1. Work out, step by step, the length gained on full extension between L45 and L27: first 0.36 nm times the residue separation, then minus their alpha carbon distance; give nm to one decimal.
2. Put a dot 7 Å past each Cα toward the Cβ at D59 and E36; how far apart are the dots in nm?
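Each reported figure results from applying straightforward, stated rules to the coordinates on display, with no laboratory input. Bear in mind that the values here come from a model prediction, so they are computed numbers and not experimental data. Using ideal geometry, Cβ is built from the backbone for each residue, glycine included, and neighbour counts are taken over all protein chains shown.
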Amino acid sequence: LGAGFANQTEVKAESPKSHSISNNEQLINELNDLIEENNDLKDKLARNLDLLDNTREKDPQYRALMGENQDL
């Protein structure tokens, strides 16, 4: 009875640990995916902001509002 109990306790101790490692790996993978997606979105935002700035710089009305174009 004592040996069986010891084996059972040992198996129970390994199962949650193994499951926990698998869970942690999954969470780490999800986190890495989200970090990569976040970085991609930041890059896309930066490109769009640059495009917006370039478009605004060519707009005479915008330049007039900014005091850069006295031709209007």
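1. On the way: separation 18, 0.36 × 18 = 6.48 nm, distance 2.65 nm.
Full-extension gain reported as 3.8 nm.
2. Using points 7 Å along Cα→Cβ, the separation is 3.7 nm.
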